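In what follows, a single structure is set out as structure tokens and then discussed.
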Amino acid sequence: MTTSILRNLLLALILGLSLVACKKEEAPPPAVVEVVTAPTDAADLAGWKKYLGATVKANMEGIRQRPFVYFVPAVSDEESQRQYDAQLETVQDTIARGVMPGNMLAFGSPDTTKLADLVVAAFKSATPGALKNVRVLVIGAVADQERMAEAVKASEAEFVFVEAN
């Protein structure tokens with residue numbers, strides 16, 4: 001190759017690299033935050049699942065494991081009462097068995113009074129200090145917040161309350 005061809009190739013390479021270097025780095029698009037509100041219909045299970053999932057996800061900072069999510073059904077008949085009783089037993093068993101630090105127990109329901117009743121009843125059997133470094137997320141009514149926080153207190157879990165909206 002002749003000197004002029006080498007010089008032209010080198011010049012083209014330098015120009016190409018300088019154009020790449022001058023290109024401004026584009027900022028990533030801002031994250032889209034989906035605002036999900038609680039369904040007004042207690043029977044809208046898909047809507048409740050979406051709402052609880054979004055609320056739990058928004059409160060996952062520092063949680064290292066997949067959370068235990070409990071949906072407490074609105075009690076309106078014998079079958080829903082059976083489901084409520086089964087859910088209470090499940091939560092009581094989980095608390096009695098213990099939950100590893102860095103985990104989360106999350107609760108939500110269209111019937112916030114029944115939800116608060118379940119949380120209070122389930123945590124009656126909690127051993128003092130048994131849930132240290134575990135987050136308990138409750139999505140409920142402000143009127144029930146204090147009694148639920150008091151019920152969770154002895155377990156030493158981190159109580160996080162989100163008002164159902």
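The values are calculated or read from the model by the stated rules, or taken from the named source; none is laboratory data. Just so we're clear, the structure is a prediction, and the values are computed from it rather than from any experiment. Reconstructed Cβ throughout: ideal geometry from the backbone, glycine too, with neighbour counts over all protein chains shown. These accessible areas exclude ligands, DNA and RNA; they are computed on the full protein's heavy atoms, side chains included. Shrake-Rupley method; radii C 1.70, N 1.55, O 1.52, S 1.80 Å.
Using a 10 Å cut-off on Cβ atoms, rank the peptides 155-165, 104-114, 132-142 from the highest mean neighbour count down.
Most protected by this proxy first, the peptides run 104-114, 132-142, 155-165.
Would you mind estimating how fast the stretch 99-165 diffuses translationally, via Stokes-Einstein at 37 °C and 0.692 mPa s with the Kirkwood radius over Cα pairs, in µm²/s?
282 µm²/s
Loop only by DSSP, 15 or fewer other Cβ within 10 Å of the Cβ. Give me the trypsin sites (Lys or Arg not before Pro) in the stretch 58-112 that pass, ordered by residue number.
64
Which log10 I(q)/I(0) values, to two decimals, does the stretch 26-165 give at q = 0.20 Å⁻¹ under the Debye formula with one point per Cα?
-1.23
Going by amide H atoms built from the backbone, whose H comes under 5 Å of the H on residue 159, apart from near neighbours?
Here the answer is 136, since their amide H atoms fall under 5 Å of that of residue 159.
Could you give the accessible area per residue of the stretch 114-165, probe 1.4 Å, as a whole number in Å²?
Dividing the accessible area of the stretch 114-165 by its residue count gives 46 Å².
If amide H atoms are built 1.01 Å from N in the plane of the peptide, which residues on other chains or at least 5 residues away come under 5 Å of the amide H of residue 38?
When sequence neighbours closer than 5 places are left aside, the close amide H contacts are 165.
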